């Protein structure tokens, strides 16, 4: 069974810092990996989707990398802003099915 | 529609009652998914529809939970004899499906169910 772990569980940084969120998964036979953002009391907003054949994806200040062989992905956020404060979830779509396996998320707080 | 719509946004019900949660996916998305998110946890898969049929219902916790998608669009998640442990946010997502596995998912805002 695919297990997804996110480290750290919570992170607080001052505005302007660059930061890295980590995601690891136990089964490297994945189809794709997706990073989501979740604001309190809200649904999930898709940030980046990396196919298994890709190494990274970029969108604005966000960059996600994928190392399938080692079972790891990172989400890099450049020049963080208070509006980036949210929970960030990593989800893996395994080759064996359509369900997404989620980590528990990293709760990010960017202070002014 | 422009996004995945879920209604109601909040539902409070008494233990033992029956509830229905509705999901209206993005037009043209053949795949629809239900997930459940408990406090402090990531979403957990419940059921996946491809068209009108439930292609994978392995995540449904027990026979009190049932979901339908009769016309291949709107889906309803039904919970009988609700228990306090059913309290959670129920999330719906939809996606296009390629030749093998799905493309990226779009999630709705969820229904927060509270069983008192």
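Of note, residue A:93 satisfies the criterion of being buried (at least 16 other Cβ atoms within 10 Å of the Cβ) and either part of a strand (DSSP E or B) or touching a helix residue (DSSP H, G or I) at 6+ places or on another chain (Cβ under 7 Å) (or both). Considering B:42, B:28, B:59, the condition of being part of a loop (DSSP other than H, G, I, E, B) and under 20 Å from residue A:42 (Cα atoms) is satisfied by B:42 alone. Limited to region A:96-112, what total is found for residues that are more than 10 Å from chain B (Cβ to nearest Cβ) and either over 17 Å from the mean Cα position of the chain (by Cα) or in a loop (DSSP other than H, G, I, E, B) (or both)? Final tally of qualifying residues: 2. Remark: pairs (first residue in region A:25-50, touching a residue at least 24 places away in the same chain (Cβ under 8 Å) and at the interface with chain B (Cβ under 8 Å from one of its Cβ atoms); second residue crowded, with 20+ Cβ neighbours inside 10 Å and not in a strand (DSSP E or B); Cβ separation under 8 Å; 6+ apart in sequence or on different chains) = A:34/B:105; A:44/B:43. Do we have any residue at all in region B:81-89 that's at pLDDT below 95 and in a loop (DSSP other than H, G, I, E, B)? No: zero hits.
Filtering region A:8-45 to residues that are assigned to a strand (DSSP E or B), modelled with pLDDT under 95 and surrounded by fewer than 16 Cβ atoms within 10 Å (Cβ to Cβ) leaves only A:45.
Scanning region B:9-25 for residues that are under 30 Å from residue A:9 (Cα atoms) and not in a strand (DSSP E or B) returns a single hit, B:9. Only a single criterion out of (1) more than 14 Å from every other protein chain (Cβ to nearest Cβ); (2) at pLDDT 95 or above is not satisfied by residue A:69, namely (2).
Taken over region B:93-116, the criterion of being at pLDDT 80 or above and more than 9 Å from chain A (Cβ to nearest Cβ) is satisfied by B:94, B:96, B:111, B:113, B:114, B:115, B:116.
Being closer than 24 Å to residue A:6 by Cα, under 14 Å from the mean Cα position of the chain (by Cα), facing chain A (nearest Cβ under 10 Å) and surrounded by 15 or more Cβ atoms within 10 Å (Cβ to Cβ) is a condition met by no residue of region B:67-88. Residues of region B:1-24 that are within 13 Å of chain A (Cβ to nearest Cβ) and crowded, with 18+ Cβ neighbours inside 10 Å: B:4, B:6, B:23.
The values are calculated or read from the model by the stated rules, or taken from the named source; none is laboratory data. As the structure is a computational prediction, the values presented were derived from the model and not from experiment. Neighbour counts are summed over all protein chains in view; Cβ atoms, including those assigned to glycine, are modelled from backbone coordinates with ideal geometry.
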